[in-house]
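Taking it in order: structure first as structure tokens, then the write-up.
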Amino acid sequence: MIRIAIVDDDSDMLQLIKECMADVIDYTFVETETFASAEAFLHELMIGKRYDILLADISLPEMDGMELGKIVREKWPDMYLVFLTSYREYAADSYNIDADQYILKCNMGDRLWKVMKRLIERRNMENGHYRVVGTAENDAQERRVIYCNEIIYISKVKGSKYVEYITTAGQYRERITLDNLKKELPEKEFIMVDRSYIVNIKHIIKMSSHVIYLNGDYHVTVSRSYLSK
């Protein structure tokens, strides 16, 4: 799942931005979220939400897009940063903070979809391994792509042939045994900590006694037989 944040205080412009991107976004695999201020977007980041691409207007109330971009570059350097503006003179400043693209709003119809297509493809290549799974409510009717680096941990659903994925984007499930799934996951990134749990090493914060603490305020207990491993 590729997540795009759009920050602009003009509701009409937000709608226009979505229309300009419509030709390149398959909403099964790309999720967009809009914000009317830099502060609202930063709040979501601070509580743990993650985004792949930030598309921000430079002229924002209170904290402007440039200041937002500096914070994003410092704290979330992997996020792609694209600026939109009506003023050409901001171009040099945007490149000084290593923005991935700078787009004039008058050229948005021609350039925005091309830029977004390229960044989405690049992020898909970076994310590498992925799985196509169902939502936690219904695995048959709605299918989503989740990337392995989004998975925090996986658990066996008791009394069924399903596993449940706990990810940074939500909860999903798949009809597969945990043992078979372990064989299909990147070996260096995922470890089995119990007969019913697989954990993504990248999301481990710390381990205390038999408990592994994970991003998203989750924790999993390691069984005695797996502790030495």
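The values are calculated or read from the model by the stated rules, or taken from the named source; none is laboratory data. What you see is a predicted model, and the numbers here were worked out from it, not measured in a lab. Cβ sites come from the backbone with ideal geometry, for glycine too, and all protein chains shown count toward neighbours. Only protein heavy atoms, including side chains, enter the accessible area calculation; ligands, DNA and RNA are left aside. Shrake-Rupley method; radii C 1.70, N 1.55, O 1.52, S 1.80 Å.
A few remarks follow.
- Per residue Cα convex hull volume in Å³ - calculated over the range 98-229: 153
- Proximity of backbone amide H atoms, modeled 1.01 Å from N, is registered between Y102 and F83 at under 5 Å, excluding neighbours fewer than 5 places apart on the same chain.
- Axis angle, to the nearest 10 degrees, between helix 65-75 and the longest C-alpha principal axis of the chain: 30 degrees.
- Among A22, P186, T167 - extreme Cα towards positive end, dipole of the chain, charges at beta-carbon: P186
- Calculated FRET efficiency, R195 to E39, Cβ-Cβ distance, R0 = 45 Å: about 0.50 to the nearest 0.05.
- Here the chain has 47 percent of its accessible surface on carbon and sulfur atoms, given a 1.4 Å probe and all protein chains in place.
- T167 long-range amide H proximity, modeled H, under 5 Å: I152, Y172
- As a rough guide to protection, the peptides 211-220, 165-174 ranked by mean Cβ packing within 10 Å, highest first, stand as 165-174, 211-220.
- D9-I205 FRET efficiency (beta carbon distance; Förster radius 30 Å; 0.05 resolution): 0.25
- A 1.4 Å probe run over the protein chains yields, for the chain, 54 Å² of accessible area per residue, whole-number rounding.
- Set K158/K202; K49/K70; K156/K183; K70/K117 screened for pairs whose C-alpha atoms are more than 22 Å apart: K158/K202; K70/K117
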